[in-house]
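Any read-out appearing in this document is the output of simple, stated calculations on the displayed coordinates, not a laboratory observation. Since the model is a prediction, treat every value here as computed from it, not as a measurement. Ideal geometry is used to build each Cβ from the backbone, glycine not excepted, and the neighbour counts take in all protein chains shown.
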2 protein chains.
Amino acid sequence: MNFADRLLAAIDRKKTPLIVGLDPVYESLPATITGRCGGNDPAARVDAILQFARRVLGAVAPHVPAVKINSAYFESYHWRGVQAYIHLIQEAQALGLLVIGDVKRADIGHTAAQYAQAALADHEFTNGNKLIGPDAITINPYFGFDGVAPFLDVARRQDKGIFVLLRTSNASAGEIQEIPTADGRPLFMHTAGLIDKWGRDLIGAHGWSGVGAVVGATSGESIARLRGVMPHTPFLIPGIGAQSGSLTDCAHAFRHGAGAVISASRSIIFAYRESLYQQLPPENWIQAVEQATLRTKTRITEVLDL
Amino acid sequence: MNFADRLLAAIDRKKTPLIVGLDPVYESLPATITGRCGGNDPAARVDAILQFARRVLGAVAPHVPAVKINSAYFESYHWRGVQAYIHLIQEAQALGLLVIGDVKRADIGHTAAQYAQAALADHEFTNGNKLIGPDAITINPYFGFDGVAPFLDVARRQDKGIFVLLRTSNASAGEIQEIPTADGRPLFMHTAGLIDKWGRDLIGAHGWSGVGAVVGATSGESIARLRGVMPHTPFLIPGIGAQSGSLTDCAHAFRHGAGAVISASRSIIFAYRESLYQQLPPENWIQAVEQATLRTKTRITEVLDL
């Protein structure tokens, strides 16, 4: 089943386009976890992060269709972190969550094919073991189609998805993405056309493609313009919460209640650090995570009128 | 000592701007290695790749200033591959080679800082262990300055370098990189200005910056134009050999014999597969690697008149 259709079905089941971003930082973990198994040694820190992330997955799994796991926060612990990242993918999928691996990879030819194997593909080994890759990953469009094709190949063969970076929400994104091109449009509108084209032969039963785009929530006008030229492209909108993008802007991404997932990361996984949840006993930190998930879900339903 | 100065000193010592790219693929390894320790199991394959790569490092270390190790070929073996990649960095540096980690990472803010820690920084652990990062890495400019700043921070603190993707050599690179902008120049000329600016406060004693650019060898005219607007930026030019970029084109990157490193990968590390070296007994495959290194070095010296 096409990734876009699987994503839509999961959104229907959980009744929300909210997905939870997992960007765990050791220093922000609850003391009840770092006190028990933390320390300065990388193996102990990875262990603490893994325990934390497992609890978060368990708490959010009943409420959201997918998690976005950001590989960078694991790679900073080198091979131990990568092993934890891959374990978490398996565990999230066992909980019925779709997983978006936020890896932002890109290269060309042979090398891109290696990244597609590394970051997206499922693997079956001769000893009968399986390693399931994420359901979708984020990639960077700077190489043009050559940098995208090997990921599309895996997506097509294994019913996976890709989200191509398009218009990001950081302050300096405009330095390249908004450069005015000769036809008067900013570069990202041109990139939008490419992404639309790359996704045309991966369109599923509901009219949405397995090739999506990462579109920052801090540019409402851009979201509307992009939706106009990308009728089949699901948007992955990060930046709700800690990055305080406007939820109202996200509304432009939707058509008949579909068309985007909205990701919240630190505002949910580190909710116990916020004043709103200070009355909870520290060992109940996971309740703050669950409550923040439900609150964000409600806010999205209200603002987007879903 | 500034990365650019370290690179220049190494080029002087080895009398060549040639660097060897390590993109090992299990299927292309010599039978004498796969026969001894290979197999279908990922651990055995990583072991074979590691043994192969160690031999290659030993053979090329006396002849070239640096190796470019492409992370993708290790990441496809997940955590085992990442561990091998990191081991190889330590071993290459112990052999006196500079190491460019070809990782093409990019993200923003907190996440980019994690990647800078993961992919570039040296680490000292409380137990006295050290993990040395590569001397430089490749990164992607699509996020603008926010995506580059955290890498610059590590580069400044630890005398490391970065090479920003600018004009790549793949067929579809033009889809984004050559888009005509409103001022009539292709996008990559605009990106060139950004990279030049980002590197201005990392210029070393010889006038070259710790911020370099990846410029494909298949675009000679572009190389000349880029050198014109980037007087301080060292170029990393891949695509000599297997990708058959023109060496003559590379000449435009140099000023007084400095200004670029030229990377050859498959044509050197898999030289024993080429007809030229078929007369060598299979167990002497490493001689083909060494001879191909010396041949390429000679060819570069002749064509570039160094």
Practice task
For chain B, compute the number of Lys pairs whose alpha carbons are separated by less than 19 Å, excluding pairs fewer than 8 positions apart on the same chain.
Solution key: 10
Completion exercise
The correct pair for the protein assembly as shown, radius of gyration to one decimal and Dmax as a whole number, both in Å and from Cα atoms, is 23.9, 78
Completion exercise
With the 8 Å Cα cutoff and a minimum separation of six or more residues, the stretch A:1-88 has a relative contact order in percent of 37 percent
Exercise for the section: Based on other C-beta atoms within 10 Å, arrange B:VAL103, A:VAL211 from fewest to most. Expected result: B:VAL103, A:VAL211
Exercise for the section: Would you calculate a helix-derived [θ] at 222 nm for the protein assembly as shown, using -39,500 (n - 2.57) for each DSSP H run of n ≥ 4 and dividing by the full residue count, to the nearest 500? Expected result: -13000 deg cm²/dmol
Problem - Residue order, fewest to most beta carbons within 10 Å, for A:SER172, A:SER76, B:SER71, B:SER265 - result: A:SER172, A:SER76, B:SER265, B:SER71
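Would you mind telling me the antiparallel percentage of the DSSP bridges in chain A, rounded to 5? List each step's numbers first, then the result.
Values: 5 of 34 bridges.
Bridges in chain A that DSSP calls antiparallel: roughly 15 percent.
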Practice task
For the protein assembly as shown, give the share of DSSP beta bridges that are antiparallel, in percent and rounded to the nearest 5; count only bridges with both residues there.
Solution key: 15 percent
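Arranged by the count of other C-beta atoms within 10 angstrom, fewest first, what order do A:HIS256, A:HIS110 take? Write down the numbers at each step before the final one.
Values: A:HIS256 7, A:HIS110 17.
Exposure proxy ranking, most exposed first: A:HIS256, A:HIS110.
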Fill in the blank from the handout: With x for Gly and Pro, the residue-by-residue ³J(HN,Hα) of the stretch A:77-86, computed from phi through the Karplus equation 6.51 cos²θ - 1.76 cosθ + 1.60 at θ = phi - 60° and given in whole Hz, is 9, 6, 4, 5, x, 5, 4, 5, 4, 5
Practice task
Sticking with the crude label model, points 7 Å out along Cα→Cβ, report the distance from A:ASP201 to B:ASP122 in nm, one decimal please.
Solution key: 5.0 nm
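Could you tell me the relative contact order of the stretch B:105-188? Use alpha-carbon pairs under 8 Å, at least six residues apart, and round to a whole percent.
Numbers: 108 pairs, mean separation 21.9, N = 84.
Averaging sequence separation for qualifying contacts and normalising by length gives 26 percent for the stretch B:105-188.
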Completion exercise
With N residues in the stretch B:3-304, Rg(alpha-carbon) / (2.2 N^0.38 Å) equals 0.98
Exercise for the section: First measure r as the distance between the Cβ atoms of A:ASN284 and A:LEU306, then evaluate 1/(1 + (r/R0)^6) with R0 = 30 Å and state the FRET efficiency to the nearest 0.05. Expected result: 0.50
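Using alpha-carbon pairs under 8 Å, 6+ residues apart, how would you state the relative contact order of chain B in percent? Provide the component values of the computation, followed by the final result.
Numbers: 568 pairs, mean separation 57.7, N = 306.
Over chain B, the number comes to 19 percent.
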Problem - Efficiency of FRET from Cβ geometry, B:HIS256 and A:ALA94, R₀ 60 Å, rounded to 0.05 - result: 0.50
Exercise for the section: Sticking with the crude label model, points 7 Å out along Cα→Cβ, report the distance from B:ARG299 to A:LEU294 in nm, one decimal please. Expected result: 6.8 nm
Handout entry: Furthest towards positive pole of dipole, A:MET230, A:ALA182, A:ALA66, structure part the stretch A:3-304, Cβ charges
Key = A:ALA66
